[in-house]
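Bear in mind these aren't lab numbers, they're just calculated from the coordinates by the rules spelled out. Being a predicted model, the structure only gives us computed values, none of them experimental. Note that each Cβ is placed from the backbone with ideal geometry, even for glycine, and that neighbours are counted across all protein chains shown.
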Amino acid sequence: MSTGVKEYIVRTKDLTKEFVLGGTVLKALNAVHLDIRRGEYISIMGPSGSGKSTLFNMIGGLDKPTHGSVFIDETDMAQLDAFELAWLRCRKIGYIFQTFNLIPVMTALENVTLPMIFAGIPSDEAMTKGMKLLEKVGLAERFHHKPTELSGGQQQRVAIARALANDPGIILADEPTGNLDLKTGKEIITLLKQMNTEQGVTVISATHDLKMIDVSDRVVWIRDGKIERIEERSEIEVRVGEMEGEPA
Amino acid sequence: MPRANTDKSGIQRQIMLPWRQSLRMSKQSIFVRLGRAIITASGIFLGIAFLASVLTSSAVLRGQGEYTADVQARNAWLVVMSLLVATVGIVNSMLMSVTERYKEIGTMKCLGALDTFVVRLFLIESCMLGLLGATLGAVLGAGVMSLVLLARFGGSAFTKAGAALTLGGLQLSLLPAIILAIVLGGLLSVLAAIYPAWRAAKMPPAAALRSEI
């Protein structure tokens, strides 16, 4: 990164999202202020229905807030037109989902190269880079397999490779371990942390998987659409120590 | 559609989907979901087979001097009805196939696809299916009807029909009918796909991803 490095890669200001359900207004997010530093690994924790996924959608530009704004690299997302928004999704953010969301008709390699094709990278170059990324997530030898021929953990690895395709600044993950067993979930968390430390990519993960706490620089606890508290690394370590003291 | 503008750092900002890739993706989509593709194509196949057979019989009957105003009116009515039914069928199967793929569309948009990419992929797909169905339908419809007419009128059926149908000075018998049927079939299936494809492309990605089928 060059000289113009700004400390915060994502900022939300007064972020509010309302849904109208059967005539009553439900506030999924209620005036959320959240500043996310460049290169940090942040977990957004909370029970289901707390607004985690809504926050994920807002930060990722997948849905529009009712009030308030999201800034990515100090750019207000509300100011972007459809083309710029697509560009942002393509180059700046890598998405990882609970249900993996690979394109079912495409092979692992084709899934990984798709964002590069959208970005205008020539096919050969995209293939080479795609193979490198699959190697990095340990799936190089399965590059020609379709998602249905891969296990959940393997599909999530492909999704991580795909998220990294255009060297984004942010990886946005929505319950990345939600559909995985304990061991596979741990592996995915380790892989995400590895990408975070090796490539300096900011990882923002909405989750209620407590295993995630271990690797997070900060944990944001969210409840009823509001930030309840934010824990820093130092506070977390104490708690993890306590938890490890308990019988497994 | 490589639209490019340059940001502060001088990096070209572009989002694109080359035609070659679009064609490959649409083809792949058809082959992987062959069952559904066959159902969609058979809708247009049946409609166009009927159209081609009516056009063929009209040409021959006109040659034989049996093409009365009565027959003509009835045929026109039948053709319009059959095409309407075929079109509604295609709209329906395109809607189904688009709905089935909301999640895929949402994912593509997360990866940077523009709405136009989504529309384009669906239009190419339906155009391919439409042309395939229409070609098979036109050949089969015209062929079967030709056999029926041959049995009824003998060889004279087509020599006279040739005289009856002139196109730009060229004397043709069944070719114009078949070509018309194919073009119409391709056109109708693209038209039928526009609304479902556009609707899917306009959806916010969050809503598209949320849908569970």
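Adding -39500 (n - 2.57) for every DSSP H run of four residues or longer, then dividing by how many residues chain A holds, sets the calculated 222 nm ellipticity at -11000 deg cm²/dmol. Using C-alpha pairs under 8 Å with a sequence gap of at least 6, the mean separation divided by the residue count of chain A gives a relative contact order of 26 percent. Projection of the Cα convex hull of the stretch A:103-248, averaged over all directions and equal to a quarter of that hull's surface, yields 10.3 nm². Start at zero, step by 5 Å, and the Cα-Cα distances of the stretch B:19-202 spread as 1, 9, 15, 18, 15, 11, 9, 8, 6, 4, 2, 1, 0 percent across the bins. Put simply, the convex hull of the Cα atoms in the protein assembly as shown casts, on average, a shadow of 29.0 nm².
Over the stretch B:8-110, the pair-distance histogram of Cα-Cα distances with 10 Å bins from zero comes to 12, 27, 23, 17, 13, 6, 2, 1 percent, rounded to whole numbers. When you filter the trypsin sites (Lys or Arg not before Pro) in the stretch A:1-96 for DSSP loop state and at most 15 other Cβ atoms inside 10 Å of their Cβ, you are left with A:LYS6. Distance from the alpha carbon centroid of the stretch A:196-240 to that of the stretch B:91-148 works out to 45 angstrom.
Determine the alpha carbon to alpha carbon distance for each of A:LYS136/B:LYS27; A:LYS52/A:LYS129; A:LYS17/A:LYS52; A:LYS13/A:LYS211; A:LYS17/A:LYS186; A:LYS92/A:LYS146 and list only those over 22 Å.
Table pairs above 22 Å Cα-Cα are A:LYS136/B:LYS27; A:LYS52/A:LYS129; A:LYS13/A:LYS211; A:LYS17/A:LYS186; A:LYS92/A:LYS146.
Taking the DSSP beta bridges with both ends in the protein assembly as shown, the antiparallel portion is around 60 percent. Only Cα pairs under 8 Å and 6+ residues apart enter the sum, and on that basis the relative contact order of the stretch B:19-202 stands at 40 percent. A simple spin-label model places the labels of A:TYR8 and B:TRP19 4.7 nm from each other, with each point 7 Å out along Cα-to-Cβ. Compactness check for chain A: Cα Rg over 2.2 N^0.38 Å is 1.01. Counting only other chain Cβ atoms within 10 Å of each residue's Cβ, the peptide A:108-119 averages 4. Taking GluC sites (Glu not before Pro) in DSSP loop conformation with at most 13 other Cβ atoms inside 10 Å as exposed sites, chain A has its longest uninterrupted site-free stretch at A:75-248.
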